[in-house]
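Presented below is the structure to which this report refers.
The values are calculated or read from the model by the stated rules, or taken from the named source; none is laboratory data. For clarity, every value in this text was computed on a predicted model and none was experimentally measured. Methodologically, a virtual Cβ is constructed for each residue, glycine included, from the backbone with ideal geometry; neighbour enumeration extends over all protein chains shown. For the accessible areas, the whole protein counts, side chains as well, though only heavy atoms, and no ligand, DNA or RNA atoms are used. Shrake-Rupley method; radii C 1.70, N 1.55, O 1.52, S 1.80 Å.
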There are 2 protein chains.
Amino acid sequence: MLPVFGHLNPDTDAVTSALVYARLLSRQGVEAQAYRLGELNFETPFVLREAGLEAPPLLPVLAAGTEVALVDHNESAQSVPNLAELVVTRVVDHHKLGDLTTSQPPYLRFEPVGCTGTILLGLHREAGLKVEPTDARLMLSAILSDTLHFRSPTTTQADRDAVEFLAPVAGVQDVEAYALAMFAAKSDLGDTPADQLLRMDYKVFPFGDAAQPQRWGLGVIETTNPAYVFGRQAELLAAMDKAKAEDGLNGVLLSVIDILNETNRTLILSATEDKAVSEAFGVASQNQVADLGHLISRKKQIVPTLEAHFAPVS
Amino acid sequence: MLPVFGHLNPDTDAVTSALVYARLLSRQGVEAQAYRLGELNFETPFVLREAGLEAPPLLPVLAAGTEVALVDHNESAQSVPNLAELVVTRVVDHHKLGDLTTSQPPYLRFEPVGCTGTILLGLHREAGLKVEPTDARLMLSAILSDTLHFRSPTTTQADRDAVEFLAPVAGVQDVEAYALAMFAAKSDLGDTPADQLLRMDYKVFPFGDAAQPQRWGLGVIETTNPAYVFGRQAELLAAMDKAKAEDGLNGVLLSVIDILNETNRTLILSATEDKAVSEAFGVASQNQVADLGHLISRKKQIVPTLEAHFAPVS
């Protein structure tokens, strides 16, 4: 039974892609089981409820040598802690290729599209398999989530085509209304502790080289209600400070993405983060907030810019 | 114009896959051009002649930042020397994943099959593109070459199915006769200098970890006439000694694969190689030859065994 899982601090794509890929593999004769690597955010339970599904179980500790399939990630910093001891036989992903290596030829399927769900739809087509309504809803939701319903610069024509195909199969007649309901669910943060808000969509990235290694924690809160988030700015900065110390990081940023206006205002913890952001993005912070304008994609805009900033001068 | 190229010391799969993938990309609206990273072996000119094609040109030096597509390899030690400065946007490969990283999401297509040609046939099908007879012949030849016409343990059902589909499209009626003609061309080594024989299908692999790094050169001569090769054993050992010094390697092995009998007798240069081979494979050498039995796949048998042998004890 091949375990299939997405990244730590799972988002909708990480969870739904594990479910969809595990089912696709099983239909192709590879017995597979979906897992998750952490608590769900506030959007994914809405999606699962609409699809009539339970959340996949938390991944148990796997014995060294266990074969696994990764979806929606490939870097060890975003995966299960003992990834190096496991045997990665399959990866379906739409992120840059990080530190993954394998000792045998793997099955890798990376495409530079907005969402793993878009790639998974392609895998169904190539296998000549009919897309089931539940799987269609999961892939549709993941694409709308990852691309912020096509607002993100990560969106590609393949994502738009996939949504056009999937919506009727999933029985979703008004895609925009469904997406807004998803985003509202995601934005209903209630009295969630600040620690948890920070970790909801949070990834650690290595930058620099071996001589000057940097590890940064980059959190994102995508919301239709940014005022709520900034109302809790002091708490969130305290949570960032704690995360930085606990994870032994060089810096922590928390980007608050206004989904509907497509803007990014990023919380700046200390002079270290202020220096990096002002040098990398040419933006000075005010009251510990840096206005990063329309740079709303961590993957396509924030990470590459920081990567270039910290790259060794050659 | 996207450059597409296979590995150093190109074999038939490296050359034909560059040609086929470049043409496939061009048909899909991505202007691409095939190149090679070195001199052809003795099999590939036969294949190109039968296909009515010229060899692709040698890759010129590419400026830093140039986008490239790799076929049939992904490790920097087997690629163009300045690979780290280039931007790898696409890889189609059937080897283990090595030290490749990217700064943007790439298009990666790895499958654990016997030949890149088999994956490329899949790409044609998925794109709904008719396979042209010339491309069919190139993919067919690559699969027969890489799998030694299904004799290699790297062979999968997908490779067999691909050959069954491609042979009639290519106009090859007797596949076994065509494969034997290819192997005869490959075995007609004439008065090729020993240096060149060693380098014909030769790859450098990193083993061990950062604390005890090892770099080994692993050459393969696949031939229907091993007696000819062993008749030049002294010359070949001298060429191995030279390569070891020139490339600053820890060890060099040259495996002579008898295609028709599916056996591997490997030349052992010195006590270092003898120790590693006898410990890793449990085979003592005699007269500087180790009989590795039916271990005829460098990728699937020789490299993983050496990798495990040199792996740090954890």
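Structure summary
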read-out: Under the Karplus curve 6.51 cos²θ - 1.76 cosθ + 1.60, θ = phi - 60°, whole-Hz ³J(HN,Hα) for region A:258-268, x wherever Gly or Pro sits; value: 7, 4, 6, 9, 6, 10, 10, 10, 10, 6, 10
read-out: Protection proxy ranking, peptides A:172-183, A:267-278, average beta carbon neighbours within 10 Å, highest first; value: A:267-278, A:172-183
read-out: Surface accessible to a 1.4 Å probe, B:Met1 within the full protein complex, Å²; value: 150 Å²
read-out: Among B:Pro206, B:Pro226, B:Pro105: highest mean-square fluctuation, GNM of chain B, C-alpha pairs under 10 Å; value: B:Pro105
read-out: Residues B:Glu31 and B:Asp191, FRET efficiency given R0 of 35 Å [Cβ-Cβ distance, rounded to 0.05]; value: 0.25
read-out: Calculated P(r) tail over 21 Å for region B:45-126, as whole % of Cα pairs; value: 39 percent
read-out: Rounded to 5, the percent of DSSP beta bridges in the protein assembly as shown classed as antiparallel; value: 40 percent
read-out: Chain A, relative contact order [Cα under 8 Å, separation at least 6], %; value: 13 percent
read-out: Against the rule of thumb 2.2 N^0.38 Å, how large the Cα Rg of the protein assembly as shown comes out; value: 1.03
read-out: Quarter of the Cα convex hull surface for region A:194-310, i.e. its orientation-mean projected area (nm²); value: 6.6 nm²
read-out: Among B:304-312, B:93-101, A:4-12, the order from most to least packed when residues are scored by Cβ within 10 Å on average; value: A:4-12, B:93-101, B:304-312
read-out: 14 Å beta-carbon shell around B:Leu237, net charge (K/R +1, D/E -1); value: -1
read-out: Solvent-accessible ranking of A:Glu111, B:Glu39, B:Glu75, largest area first, probe 1.4 Å; value: B:Glu39, A:Glu111, B:Glu75
read-out: DSSP beta bridges in chain A [antiparallel fraction, %, rounded to 5]; value: 40 percent
read-out: Heavy-atom SASA rank of B:Phe150, B:Phe46, B:Phe165 (probe 1.4 Å, accessible area, largest first); value: B:Phe165, B:Phe150, B:Phe46
read-out: Average Cα contact separation per residue, region A:137-293, under 8 Å, 6 or more apart, as relative contact order %; value: 16 percent
read-out: Net charge of Cβ neighbours under 10 Å - reference A:Glu132; Lys, Arg +1; Asp, Glu -1; value: +3
read-out: Relative contact order, percent, region A:109-148 [alpha-carbon distance under 8 Å, six or more residues apart]; value: 52 percent
read-out: Equivalent ellipsoid, region B:232-292 (semi-axes from 5 times Cα gyration tensor eigenvalues, Å); value: 19, 15, 10
read-out: Peptide B:285-291, shielding by other chains (average Cβ, 10 Å cutoff); value: 0
read-out: Value of [θ]222 nm, deg cm²/dmol, for chain A, DSSP H segments ≥ 4, -39500 (n - 2.57) each, nearest 500; value: -11500 deg cm²/dmol
read-out: Cβ-Cβ FRET estimate between A:Ala245 and B:Asp209, R0 fixed at 22 Å, reported to 0.05; value: 0.15
read-out: J(HN,Hα) series, region A:289-304, from Karplus relation 6.51 cos²θ - 1.76 cosθ + 1.60, nearest Hz, glycine and proline x; value: 10, 9, 8, 8, x, 9, 7, 9, 10, 4, 5, 9, 10, 6, 5, x
read-out: Built amide H within the under 5 Å cut-off of A:Arg36, gap 5+; value: A:Leu58, A:Leu59
read-out: Copies compared at A:Ala280 - label distances in nm, ascending, label defined 7 Å from Cα in the Cβ direction; value: 4.0
read-out: Between region A:249-298 and region B:244-302, the alpha-carbon center distance in angstrom; value: 56 Å
read-out: Heavy-atom accessible area order for B:Lys300, A:Lys299, largest first, 1.4 Å probe; value: B:Lys300, A:Lys299
read-out: Peptide B:107-114 - average C-beta neighbours from other chains (10 Å radius); value: 6
read-out: Neighbouring partner chain Cβ atoms per residue of A:88-100, average, 10 Å criterion; value: 3
read-out: Under-5 Å amide H pairs with A:Arg90, H placed in peptide plane, nonlocal only; value: A:Val68, A:Leu70, A:Tyr107
read-out: Orientation-averaged projected area, Cα convex hull of chain A (nm²); value: 16.1 nm²
read-out: Projected-area mean, region A:194-259, by convex hull of Cα positions, square nanometres; value: 4.4 nm²
read-out: Degrees between helix A:116-126 axis and first principal axis of chain A (Cα, 0 to 90, nearest 10); value: 20 degrees
